[in-house]
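Taking it in order: structure first as structure tokens, then the write-up.
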Amino acid sequence: MELQRYIGIELSGLKMALERVLKGLTQAEVAWRPASGCNAIGLILFHMARTEDSLMQGLLQKKPLIWNSEKWYEKLGLSQDEEGSHYSVDQVNAFPVPELAKILAFADAVRAGTKEKLRSMPIEAFDEKVNFPNFGEMPVGALFSFMIAHAAEHIGEISYLRGMQRGIDK
């Protein structure tokens, strides 16, 4: 199996897992925080999309982020400088969780950009090195691996938050 196809399968699996864990959630559940300083599902989703955008558009392709080029900050009603990570407790508590459908539309736009890049890459490009801040130099293939693992970890957190609110498999 070629590497691009395998990564594509992983990305599809992430989407299916995310759809399953989000199915039927209300906006109140998406915005709910178990305690002060704890992330809401909506903030985690936003963080996932912003991270993928930063990795794939910014770091890998050196292109403007979809966040900026398509003005998703306006569509989500957020500040353009909203990073989606490294928040203080006060910032987490004050984060205005956008509508779930809008966050998912942003994530879909980012994922479309990721898949477009993935399809266009020759196999040799996965061995090229990128400098990933706080992690150092790594092959492009490892950057994709990091992005997939990052998303999978956060989907687990979302599943846990869902379970806290609804119980198991509800």
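The values are calculated or read from the model by the stated rules, or taken from the named source; none is laboratory data. Values in this document were obtained by computation on a predicted structure and should not be read as measured data. As a convention, Cβ positions derive from the backbone with ideal geometry for all residues, glycine included, and neighbour counts pool all protein chains shown.
Condition first: among the aliphatic types (A, V, I, L, M) and part of a loop (DSSP other than H, G, I, E, B). Now tell me which residues in the range 32-63 satisfy that.
The answer is 35, 40.
Residue 130 - would you say it is farther than 25 Å from residue 18 by Cα and either at pLDDT 95 or above or of a type in the set (Gly, Ala, Ser) (or both)?
Answer is yes for this residue.
Out of the range 117-132, which residues are closer than 23 Å to residue 14 by Cβ and not hydrophobic (A, V, I, L, M, F, W, C)?
The answer is 117, 119, 120.
Going by the structure shown, is residue 85 among the hydroxyl-bearing types (Ser, Thr, Tyr) and without any contact (Cβ under 8 Å) to a residue 12 or more places away in the chain? Spell out how you get there, then give the answer.
On the way: among the hydroxyl-bearing types (Ser, Thr, Tyr): yes; without any contact (Cβ under 8 Å) to a residue 12 or more places away in the chain: no.
In short, no.
Among the residues of the range 55-62, is there at least one that is within 23 Å of residue 30 (Cβ to Cβ) and at pLDDT 95 or above?
There is no residue in the range 55-62 that is within 23 Å of residue 30 (Cβ to Cβ) and at pLDDT 95 or above.
For the structure I just gave you, tell me whether residue 52 is in contact (Cβ under 8 Å) with a residue 12 or more places away in the chain, in contact with a Pro (Cβ under 9 Å, 6 or more places away or on another chain) and under 16 Å from residue 140 (Cβ atoms).
For residue 52, the condition - in contact (Cβ under 8 Å) with a residue 12 or more places away in the chain, in contact with a Pro (Cβ under 9 Å, 6 or more places away or on another chain) and under 16 Å from residue 140 (Cβ atoms) - is not met.
Report, by residue number, each residue of the range 5-22 that is of a type outside the set (Gly, Ala, Ser) and within 15 Å of residue 111 (Cβ to Cβ).
Within the range 5-22, 7, 9, 10, 11, 14, 15, 16, 18, 19, 22 meet the criteria.
With the requirement that a residue be without any contact (Cβ under 8 Å) to a residue 12 or more places away in the chain and in a helix (DSSP H, G or I), what does the range 1-31 give you?
Of the residues in the range 1-31, the ones without any contact (Cβ under 8 Å) to a residue 12 or more places away in the chain are 1, 5-6, 9, 12-13, 16, 19-20, 23-24, 26, 28.
Matches in the range 1-31: 5, 6, 9, 12, 13, 16, 19, 20, 28.
Could you list, in sequence order, the residues of the range 15-43 that are surrounded by fewer than 18 Cβ atoms within 10 Å (Cβ to Cβ) and within 30 Å of residue 138 (Cα to Cα)?
15, 16, 17
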